[in-house]
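K.L.:
One structure, pasted below without further comment.
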Amino acid sequence: MADSWLDIIGLDKTTRKKATLKVLFEEPSGEPKSNILFNLFEFIKKAYGTDKCTILWWDGEITPSTKIISIEDIEFLQDLWLKISGHYLLFLPVQFDVNRITEKDEEEFIGMILITYSHLILKSPDAYEILYFRLNK
């Protein structure tokens with residue numbers, strides 16, 4: 001499974017050897033249940049050192065949308081999660097700058113984010129899994 005995700009985001013063999021992948025949460029229904037989102041924010045706090053993060057998503061547009069959110073925005077997140085069903089949703093450090101990445105393909109974009117920021121949290125398009133990618137330098 002990990003190798004297929006590393007294939008999907010287009011990492012080369014050298015970068016792939018430095019990458020680790022952890023399944024944070026599995027939800028067979030794909031629903032944005034409150035308990036999963038609360039646990040996700042706990043993990044964000046541990047991983048990024050703050051209770052806020054930048055979310056990034058595509059909704060039929062070439063350029064992704066971004067917004068800084070915290071646990072107080074859980075209703076917004078649940079609504080967005082359902083609205084963009086079938087698309088990726090990324091949880092990134094607050095200081096994420098969308099203009100630093102120039103790839104247009106979603107998967108290549110995600111791979112470049114990982115290379116640039118060394119870690120990211122991703123909701124799969126089917127929403128069955130929330131994954132944590134880390135690149136060991």
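The values are calculated or read from the model by the stated rules, or taken from the named source; none is laboratory data. Just so you know, these numbers come straight off a predicted model, no measurement behind them. Positions of Cβ are backbone-derived with ideal geometry, glycine not excepted, and every protein chain shown enters the neighbour counts.
K.L.:
From the set of residues in segment 48-94 that are among the small types (Gly, Ala, Ser) and touching an Asp or Glu at 6+ places or on another chain (Cβ under 7 Å), which is nearest to Glu106 (Cα to Cα)?
P.N.:
Only one residue fits best here, namely Ser65.
K.L.:
Of all residues in segment 81-118, count the ones that are more than 24 Å from Gly10 (Cβ to Cβ) and in contact with a helix residue (DSSP H, G or I) (Cβ under 9 Å, 6 or more places away or on another chain).
P.N.:
Residues flagged as more than 24 Å from Gly10 (Cβ to Cβ) and in contact with a helix residue (DSSP H, G or I) (Cβ under 9 Å, 6 or more places away or on another chain) within segment 81-118 amount to 2.
K.L.:
Next up: Mind telling me which of the residues Lys13, Lys18 ends up being more than 14 Å from Ile130 (Cα to Cα) and out of contact with any Leu (no Cβ under 6 Å at 6 or more places or on another chain)?
P.N.:
That would be Lys13, the only listed residue that is more than 14 Å from Ile130 (Cα to Cα) and out of contact with any Leu (no Cβ under 6 Å at 6 or more places or on another chain).
K.L.:
Next question. List the helices (runs of 4 or more DSSP H) that sit entirely inside segment 27-137 and contain at least 3 residues that are out of contact with any Cys (no Cβ under 6 Å at 6 or more places or on another chain), in contact (Cβ under 8 Å) with a residue 60 or more places away in the chain and on the phi < 0 side of the Ramachandran plot.
P.N.:
34-48, 106-117
K.L.:
Answer yes or no: is there a residue in segment 61-72 that is crowded, with 18+ Cβ neighbours inside 10 Å, out of contact with any strand residue (DSSP E or B) (no Cβ under 8 Å at 6 or more places or on another chain) and either aromatic (Phe, Trp, Tyr) or within 17 Å of Leu122 (Cβ to Cβ) (or both).
P.N.:
No, there is no match, as no residue in segment 61-72 is crowded, with 18+ Cβ neighbours inside 10 Å, out of contact with any strand residue (DSSP E or B) (no Cβ under 8 Å at 6 or more places or on another chain) and either aromatic (Phe, Trp, Tyr) or within 17 Å of Leu122 (Cβ to Cβ) (or both).
K.L.:
Which ones in segment 97-129 are surrounded by 19 or more Cβ atoms within 10 Å (Cβ to Cβ) and more than 12 Å from the chain's Cα centre (by Cα)?
P.N.:
Of everything in segment 97-129, just one residue is surrounded by 19 or more Cβ atoms within 10 Å (Cβ to Cβ) and more than 12 Å from the chain's Cα centre (by Cα), namely Ile101.
K.L.:
Look through segment 73-86, keep the residues that are under 18 Å from Tyr128 (Cβ atoms) and not hydrophobic (A, V, I, L, M, F, W, C), and return whichever of them is surrounded by the most Cβ atoms within 10 Å (Cβ to Cβ).
P.N.:
Checked segment 73-86; the qualifying residue surrounded by the most Cβ atoms within 10 Å (Cβ to Cβ) is Gln78.
K.L.:
Shifting gears a bit: Output yes when any residue across segment 5-15 is among the aliphatic types (A, V, I, L, M), assigned to a loop (DSSP other than H, G, I, E, B) and surrounded by fewer than 16 Cβ atoms within 10 Å (Cβ to Cβ), and no when none is.
P.N.:
no
K.L.:
On to the next question. Surrounded by 14 or more Cβ atoms within 10 Å (Cβ to Cβ) and under 21 Å from Arg134 (Cα atoms): is that true of Trp57 in this structure?
P.N.:
yes
K.L.:
Just give me the residues in segment 39-54 being in contact with a helix residue (DSSP H, G or I) (Cβ under 7 Å, 6 or more places away or on another chain) and modelled with pLDDT of 95 or more, in sequence order.
P.N.:
Passing the criteria: Phe41, Cys53.
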